[in-house]
Amino acid sequence: MEHKGTKRLETKRLILRQYRVDDAEDMFNHWASDPEVTKFLTWPAYTEVEMANERIADWISNYPDPAFYNWAIELKSEGFIIGSISVGRMNETVASADIGYCMGKAWWGQGIMAEALQAVVDYLFAEVGMNRIAATHDKNNPNSGRVMDKVGMHVEGILRASGINQLGICDMVWHSILRSEWENRKND
């Protein structure tokens, strides 16, 4: 692996980029303050924009680390951010990364998150040299699993009572894609 950090990525509809200080209001208004968005996440809905300011300041301070991967998802047509996608955990020994994401509900069901996830998967395999990329979702949130399916991830299994979110302890469904599977999809 060769860490390259949170590099700007572009798709047909999206720009995935590093967070900027002026993103806090968009983050707060578009997803972080919405309990419906955060109910399957480990952190509660924000109650004030200062919470987004603090989180973004922390992320910005980590961008000099080439092993830090955290993108704001900007919708090209609107010019503002609508969500987030990042590597939450990494195992360098086996070149594996676990990805997490969230997005404002106004943009759900449009294939946007799958587009963002595909860009990150492509980058982590092609440029960083990952061997395995995984993601997980609460069993009660199958829409998140469909995003993973769209990029070629396979269900590995369900770890019962292994996660916690705003609804409490939950069963977590794990999905992954290996470099060899990604390469085969690229060649099809």
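A few remarks follow.
- Inside segment 149-174, residues that are assigned to a loop (DSSP other than H, G, I, E, B) and touching a residue at least 60 places away in the same chain (Cβ under 8 Å) make up a count of 2.
- A single member of V94, V49 is at pLDDT 95 or above and touching a helix residue (DSSP H, G or I) at 6+ places or on another chain (Cβ under 7 Å), and it is V49.
- Scope segment 98-133; condition part of a strand (DSSP E or B) and under 11 Å from the mean Cα position of the chain (by Cα); matching residues: D98, I99, G100, Y101, C102, M103
- Residue tally, condition exposed (fewer than 15 other Cβ atoms within 10 Å of the Cβ) and on the phi > 0 side of the Ramachandran plot, over segment 143-169: 3
- Against the conditions (1) open to solvent by less than 50 Å² (accessible area, probe 1.4 Å); (2) assigned to a strand (DSSP E or B), R89 satisfies every one except (1).
- Residue within segment 99-113 that is charged (D, E, K, R) and either under 22 Å from S176 (Cβ atoms) or open to solvent by less than 30 Å² (accessible area, probe 1.4 Å) (or both) present: no
- Pairs with Cβ under 6 Å, 6+ apart, first in segment 81-106 and more than 14 Å from M148 (Cβ to Cβ) and among the small types (G, A, S), second open to solvent by 20 Å² or more (accessible area, probe 1.4 Å) and not in a strand (DSSP E or B): A95/M1; A95/N131; G104/H30
- Among (1) within 18 Å of Q166 (Cα to Cα); (2) in contact with a Gly (Cβ under 6 Å, 6 or more places away or on another chain); (3) not in a helix (DSSP H, G or I) - the single one P66 does not satisfy: (1)
- Residues of segment 69-80 that are within 14 Å of L14 (Cα to Cα), in contact (Cβ under 8 Å) with a residue 60 or more places away in the chain and in a strand (DSSP E or B): W71, E74, L75.
- Flag for A119 being closer than 16 Å to R17 by Cα, surrounded by fewer than 14 Cβ atoms within 10 Å (Cβ to Cβ) and hydrophobic (A, V, I, L, M, F, W, C): no
- Lone unmet requirement of (1) part of a loop (DSSP other than H, G, I, E, B); (2) open to solvent by 60 Å² or more (accessible area, probe 1.4 Å) for Y46: (2)
The values are calculated or read from the model by the stated rules, or taken from the named source; none is laboratory data. Computed from a predicted model, the values in this text were never measured in an experiment. All Cβ positions, glycine included, derive from the backbone under ideal geometry; neighbour counts span all protein chains shown. Quick note on the areas: whole protein, heavy atoms, side chains included, nothing else; ligands and nucleic acids left out. Shrake-Rupley method; radii C 1.70, N 1.55, O 1.52, S 1.80 Å.
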